[in-house]
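Here is the structure we will look at, set down as structure tokens.
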Amino acid sequence: MRKSDGDAVFDVDSLTGRIREVLKAGEFQDILVQGQIEGLKRHSSGHVYFTLLGKESRISCAMFRSSASLVLHWPEDGQDVAVQGGLDLYPPRGAYQLIVSRLYPLGQGDRAKQKELLQRKLREEGLFDERLKRPIPPIPSKVAVITSLTGAALQDVIRVSGERFPQCPLLVIPSVVQGLEAPRAIVASLRRVSALEGLSSVMLVRGGGSRDDLDPFDDEDVARAIRACPFPVVTGVGHQVDLTIADMAADLSAPTPSGAAERVFPDRRDLLSRLNGNVRLSRSSVQRRISTTRERLLALKSTMNRSVYHSLDANHKRLSALIGTCRSSLSLKVVRVEGVLKTLDARLNSLSPDWILRRGYVKVEDLKGRKICSARDLEVGQRMVLRFRDGSVLGEVIKPLPPGGDFVDA
């Protein structure tokens, strides 16, 4: 770009670059465009090219392989479609084009075919597997409701929850639930719910309408977002005859918003009735257990009494026999001990001075009580005490006698 006389002059490349910057701005990068498809070409590289026709204009479209691989059924030329994507400019040709990320058939037959193929694909992946279904808490603590703020579905949920279980708070997550923008809005709402804590379950509901109005609930991204939600998801979409892919992916589905609310919120009157019934059953059960336990205790007491009586009787007999045995053994031991004692007594007596005195011997002591064991210890005229078995006498040495000599009175 150069300036001439104060005005900016663009060269082709810089002008093309500026135009491309404008087209790739955020305003044009996530848009929905509806038109009639023409000249659809599927390249060997996997990319797909086609043109969207309006009443008086057209726009070239390119769908790269990564996005084209998600299309299960390609519409034919002349059929109405809606595409999602962003604008870009192709510099070599100087032409702008729409880079398509999603394609939605608008023809009735194409939509049915697309739904059939998507349903088959997701079923083969196991997305509808009953084993993946999570139970809905019987007593909810907090429930999130994804729906339109202006629709009748929200009022139905509020009414039913208020009648059945008003103790449970509701958290309303506003979302578009109809039209081409609805799938993105629903997915965004489910992701928002996933960041919350303390939810018992999530309700995704909308009221009835034409079958075309339910197309957002046949969207692949919506089905995958339902399965990715960390809380059980309950759907209530449309009327009795409508079954969407979202219903098949949900943990529980009901034909209407009111029906979904009845599945999520228990009837407090039924709960009270069941509680009273459980109390009665519990009381009756406790009484039966008390009665049974009393009977068992009485039987056990009787059995224990008999057992104790027999045990005491047997122990008494054993004790009597043991006492008899002990007495016999003790008597024998006493006899033996008495014999031993008599022998010891005889031995002790034989060693006793008194026993010696009984045999005619005399114990001699001086007047101070000192024992005199030899005649040499006595002097003539010395007094002494002669102790006999039956008494003592005072004596005096008259004269010594020779050893073995007999006394002769002069």
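Quick note: the coordinates plus some simple rules give every number you see, no bench work behind them. This is a predicted model, so every value here is computed, not measured. Backbone-built Cβ (ideal geometry, glycine too); neighbour counts: all protein chains shown.
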Taking R0 as 45 Å and r as the Cβ-Cβ distance between A375 and S329, the FRET efficiency 1/(1 + (r/R0)^6), rounded to the nearest 0.05, comes to 0.20
Quick check of the Kirkwood formula: for the chain, what is the inverse mean of 1/r over all pairs of different Cα atoms, in Å? 32.9
One quarter of the convex hull surface, Cα atoms only: what value does that give for the stretch 144-301 in nm²? 12.5
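Just to be sure I understand: of the beta bridges DSSP finds with both ends in the chain, what percent are antiparallel, rounded to 5?
65
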Want the number for V308 to V337: 0.36 nm per residue separation, take away the alpha-carbon distance, what's left? 6.3 nm
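Once you have the Kirkwood Rh of the stretch 2-106 from its Cα pairs, apply Stokes-Einstein at 10 °C and 1.306 mPa s and quote D in µm²/s.
For the chosen part, D equals 106 µm²/s.
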Exposure rule at most 13 other beta-carbon atoms within 10 Å, DSSP loop chymotrypsin sites (Phe, Trp or Tyr not before Pro): the chain longest free segment: 11-360
Divide by every residue of the chain the summed helix terms, -39500 (n - 2.57) for each DSSP H run of at least 4, and state the resulting mean residue ellipticity at 222 nm, rounded to the nearest 500 deg cm²/dmol. -14000 deg cm²/dmol
For a label point 7 Å along the Cα-to-beta-carbon line of D80, residues of the stretch 30-58 with backbone N under 14 Å: 33-37, 53-55
DSSP beta bridge pairing in the stretch 42-118, given as percent antiparallel to the nearest 5: 85
Residue span R387 to R18: 0.36 nm per residue of separation minus Cα-Cα distance leaves a gain in nm of 116.9 nm
